[in-house]
Structure formats: structure tokens, C-alpha cells
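The values are calculated or read from the model by the stated rules, or taken from the named source; none is laboratory data. None of the values given here were measured: they were computed from a predicted structure. Heads up, the Cβs are rebuilt from the backbone with ideal geometry, glycines too, and the neighbour counts pull from every protein chain shown.
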């Protein structure tokens, strides 16, 4: 019979939508889960890289022979040649493999390098100074105006006049906010550093790689090594963090494989903690000068901004189309400039560009409310008509306001009660994300003894992907979750997309739901013949296949599977977004609302989180428990970049000053306050199908917390993170 790929009606599911513990939770909690860092091979060598101590230089000479004189060192090789220009501190220059970690470190330190120092530029905050220094590139411009220029009008001149006319009009009838905002670069700091253990069997490579791209990295090893992707197996059962930084094996992965081939031994090369912060990728900074006009009701009528930031020497930072964020007022212009600096290169960091754009945009919307002496909630609400999801945001705002007590606690900026030097405030922000499913293929096997297993080259980066896959298959086949074995983490399994862009849950749900439904049709046909009934009348539930409404007229799951004969039933399930496959299983585009309550000590400048509320939609929620966990983690990361996390660079030397875990400040348990998560899933959301969740809830915290601090103080602290020093400086400037 034909299969219609869709989910059961809401409220009629046995597994999907119900709280489910992670199926790998015990392995992780007990320490038996093996991460890439835990993989050891016989006679394994340890490799360490020498990083460049300078931010900008040219290599005059490099000599690895002194490293070979260190006891225990087996081999050493340069990774850069004489004449190479180094653009950021920590860039790998040479690698050493040794019998022990200590010997490898000593050997790397023994490598002799002669440098020619070059000018260093690291200031990403001053756009005009960067332009004068020749360190900028055009990043683009987006503009949309309600009126069109006349036939004889110069377009650029018309745009300038029209923007100014609209701002003048807003100043007369409402309000204009002209301000500067900023958010500093932060670095990746995965608890499990980047790296791999590589071993060869003949001419076949196995790379135990810490990666969020199991299916996609085999070919990235193969090219530089002069072999085919079929000669490479990438293995990753568990990963200790990726967040957008682990899509590639990188130069250190390839050199690890080269060392293993040259020595005939397994080699482990994992970045040190200092290297992890210096070279494993950074989220670009963002700064903006903005003029925004609104009418007397708080509705924004014109937006004009110039924003800039850095992602390193080649750079790429906030996309020009992203600001203003979420809101799209009818008249807007956004100009973008890239600043090239001698700092570590950028990489995707959980919702690339969106946290910066939100912090640079929705602070301005909050300042409109402040200047109009209006409730911020009301200003945000009155501008929802310019968003893509006005009804979703409106409903989520009501929920968030109730959960945080907005009506009872809100006050105009700087006008709340004080307890000594401590003042409190509320702030809010909105966000959006795509989250469409990536391409995915799985192989589902149903064995004659009733065993069920599914295999695909996906990965679980901590989000609960294994559990979600098991739940989808179990729901479809009418089995308990523990009856399904999930095989992921190996590039030899059918290919599935990387875990990036919040695409994984949709992709793996698509392929596994399709495979399980197709397999069930074949089993139904066998059971129908056995029972002498129509296959269309059969259902699978509670470990049985039976006639609908007649549980006693059927077979147990094992009895049904025995009809397969001697061989397992194998079914492939596939989904390809690129082929525009229509689907009722997954969708895209979500929205969320977040509100923060803070206490600020005007004497010390310390910001303390009291409560944070996150309301998030994601279409159909497969596992509320792991979904909620994703939001908790995102909020904590948001608090980190809002209050603590920052890459600090010496302006003269370009040295990364806080590139150790003891110095790179992150929140402790007492820093996060109470976090309340509400998953928004009315029937309309359920019917959309699955949408990815990993990134959206990390977007709004910076803006929401900044707005809460401004509400408490009656002073805008314009640049994140909101450190005590920046808070005190803002108070001093404003004399409050």
C-alpha cells in the first residue's frame, strides 16, 4: 500500500513528544563513553605542535633537527616553510611526535625558528582608524525604501535625502535614537579540544576525529593524503563540544595522519588548551553606529546603520542584511565594513552572526522605549507586524511576561526601587532561525528475531541525536525505545549531513521515519497474509501488529518478524532538501522570546542574574527533555557572552592575553540565576513537523540582558560583555 510520510496526530503518539532519558546517558555519566580524546592504540605516539608566538611575522628559517635530539622524540616536521607570512598568534609552524606527552612538548619547544616581525593591527573597535590604516574591506550594503527616486534623481543622493527626511520627520513627531553598540569577539572553547587519533591498516586510514561532520570529513582527509575517500574511515562515537568549529579535520588532523603513515604507528594529536583558544576559531566581533526613528507610538519608521567587525586577517563578520535583526521597518539602510586584523580566524559559532546582530539591533529598540518613556514590552509588541512571525512572537511574549512577572516588576528605565546600591531591571529580546532538515540517508535492519537497528553517518554532539533517532523508529514500529539500536559516528554508514545550522534533528527524523514506515508496510503485507486480513487494517502498537481496534487479532512483534525468513529486512530511508522533496515530516523557521531579570550593584558594577525566561517554538517536539536541555545550555552560553566571555588582545603585540582556561572567564553555577524554559507547541506548531533547535535560543540573551541592565540603571552599557569595569564607566559617564 502507498505510504504517506507524516507524523501521528498530536496526542496519539506513544513515544514522540514524551519525556525520554538519553539512551547514552548512563555511558556518559559513568565515564564509559569513549570520546576521541580517549582513543588509544598500541605503541601510540603523542604529537604536539609549535605555535607562532607572534601575531604577524614572516618565517626566515625553521629547523626541526634540535627536536630530534630530545629523548623520546620519534619524528618532527615543519608545517610552514621559510618565507611564509604568519597572520595570527598560535598558527602552527611545526609538529613533533614522541613516545610521551612530555617529550612531544619538549621537542616542539626545541624547534628553532627565526622570525621577521611585521606590523600588527588588532583594533576592531574603531572603524575610521581601520580605514585610515588600510585595514578595511567593503562588506556590502542593503537598503529598502518605500519611495522610489524620480527619473532624474541620482539614486545615492536620493537615498541619503530620503533617510534624512524620514529621520527629521520622526524627530518632529516621535523620537530618534542615535547610538553606538558593540559586542566583542569570543573564542571557541570546547571541553574536548580539536584533534584526532590516526592509525593505518595497510593503505587504509582510520581517523578517530572529534567532529560534528562524520560523513563529510573522509574526503577532506583523502585529498591531501593522495588517497580516495573510500580509503578513509572517520570514527566519532562521542564529541566533547563543537558548536560550529568542528566541521573539518584541519591542518592538524591531516598532519596527524601523515605522521601515523610515516611512523607506522598510531598518533594522537589534540590541541592544547592554549591552542584551542588561539586557533580553533572565534566568533566575529560586531560594532555599530545607528540612527533609528520611531513615531510617537513607538513604531519604528526608519533605520540607518553602519556596522563593522572582524573575523581575523581574511575576515568575514556580520552580514549586512542581518541588521536590524528580526524587525524589518519599512525604510532601512545597513552598510557593512570588514576590518582585517592579526587575530585568530573566525568560525561558525552557534547561530553565526545572529547573536551579534540581535545585540546590535534590539538594544536600539529598547532605547526607543526608554526615550519615549514607554514600556519596552509595548514597543516590541507594536513592531511585531514587521517580523516574519508576528502571531508566534505575540503568543510567546505573553507567556514569557507571565513567567517572569513583567507586569508586576517592570518599571521605566532607572526608576525602580533600590536596595542600598543594588537596582533591578527587566529586559527582553526576540530571535529567529531557519532550522531546515539536512540531507540524510539511513539503513534500517529488522532481523527475523525482532531486533531493530538503524545505521547512518550522523553524530551526536551532545544534543541527544541518538535518543531522537531511537524514538522516531520506536514510534513508527510500535516498540519501546530500548528495542531500537542506533548506529552512528562512522563514515562507512550511509551519509548524513553535518550537525550545523540546527539541521540534524530534522534530517535524521526524515530518513528514519521514512525507512521505518516503508519497512512496516512490508511487514504488514506478511502479517496480513498470515491473518487473512487486509494490510490496510493493520496497526503497530505496544509491541504487536494487529487489526485496528482488535488488539487480540494479531501477532507479537517477534512473531511478525519471524515471517521474514532467514535474512533481515533492509530498507533505506532518504531525504534530500536539495531535491526539494515535499515533506510533512519537517519544516523550517522558528521564533523565540527571552526575558531577563538582573540585579546591578552601582557601587561595584557587578551584574547578577536573577531570572531568565526562554520561550521557544520548534515545530513538533520529539523529546521535550533533551529539547529543554538544549535551551538551558544555550541560555547559559548566552549569559557567558553577555557578562563574562571576551577575547582580550594586547593592542601593541597582538598577544591573546587570556588564552588559558583559568583566565578565559566563563560563568560558574552561582552566576546563572534561575532559568525557566517553556516549549511552545500549539497544534499549529506540531503540524509543521520537526524544526531544528540547537541555535535559536543562544541568540537573544545578550540583547535581553543588556536591556535589563539598562532598565535597572537608567544607563546603557553599550558594549558586551557587561563587565564591572564597563558598567562603572557607563555610570560615571552618565553621572547617575
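Key figures for this structure:
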| item | result |
| --- | --- |
| Residue in region 394-402 that is part of a loop (DSSP other than H, G, I, E, B), modelled with pLDDT of 95 or more and buried (at least 16 other Cβ atoms within 10 Å of the Cβ) present | no |
| Some residue of region 269-283 being assigned to a loop (DSSP other than H, G, I, E, B), farther than 18 Å from residue 90 by Cα and not assigned by TED's automatic domain parsing to the domain that holds residue 234 | no |
| Which numbered condition residue 138 misses (of (1) outside any strand (DSSP E or B); (2) more than 30 Å from residue 462 (Cα to Cα); (3) out of contact with any helix residue (DSSP H, G or I) (no Cβ under 8 Å at 6 or more places or on another chain)) | (1) |
| Filter result for residue 268 (under 28 Å from residue 660 (Cα atoms) and either crowded, with 24+ Cβ neighbours inside 10 Å or modelled with pLDDT of 95 or more (or both)) | yes |
| Subset of region 356-382 that is out of contact with any helix residue (DSSP H, G or I) (no Cβ under 7 Å at 6 or more places or on another chain) and part of a loop (DSSP other than H, G, I, E, B) - its residue that is surrounded by the fewest Cβ atoms within 10 Å (Cβ to Cβ) | 373 |
| From 253, 266, 240, 223, residue being in contact with a helix residue (DSSP H, G or I) (Cβ under 9 Å, 6 or more places away or on another chain), farther than 20 Å from residue 499 by Cα and touching a residue at least 24 places away in the same chain (Cβ under 8 Å) | 266 |
| Any hit, region 676-689, residues being touching a strand residue (DSSP E or B) at 6+ places or on another chain (Cβ under 6 Å) and at positive phi | yes |
| Set 313, 329, 320: member being over 21 Å from the mean Cα position of the chain (by Cα) and modelled with pLDDT under 95 | 313 |
| Strands (runs of 3 or more DSSP E) contained entirely in region 525-619, each with at least 2 residues that are under 24 Å from the mean Cα position of the chain (by Cα) | 590-601, 607-617 |
| Qualifying residue in region 155-175 (condition: closer than 30 Å to residue 645 by Cα and modelled with pLDDT of 95 or more) | no |
| Single unsatisfied condition, residue 619 versus (1) surrounded by fewer than 23 Cβ atoms within 10 Å (Cβ to Cβ); (2) at positive phi; (3) touching a strand residue (DSSP E or B) at 6+ places or on another chain (Cβ under 6 Å) | (1) |
| Wholly within region 407-491, strands (runs of 3 or more DSSP E) carrying at least 3 residues that are crowded, with 24+ Cβ neighbours inside 10 Å and in contact (Cβ under 8 Å) with a residue 40 or more places away in the chain | 422-433, 440-446 |
| Selection within region 400-416 - more than 25 Å from the chain's Cα centre (by Cα) and over 17 Å from residue 373 (Cα atoms) | 401, 402, 403, 404, 405, 408 |
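The rows are residues; the columns are (1) closer than 19 Å to residue 635 by Cβ; (2) surrounded by fewer than 21 Cβ atoms within 10 Å (Cβ to Cβ); (3) touching a residue at least 12 places away in the same chain (Cβ under 8 Å); (4) not assigned by TED's automatic domain parsing to the domain that holds residue 593.
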residue	(1), (2), (3), (4)
653	no, yes, yes, no
672	yes, yes, yes, no
697	yes, no, yes, no
702	yes, no, yes, no
723	no, yes, yes, no
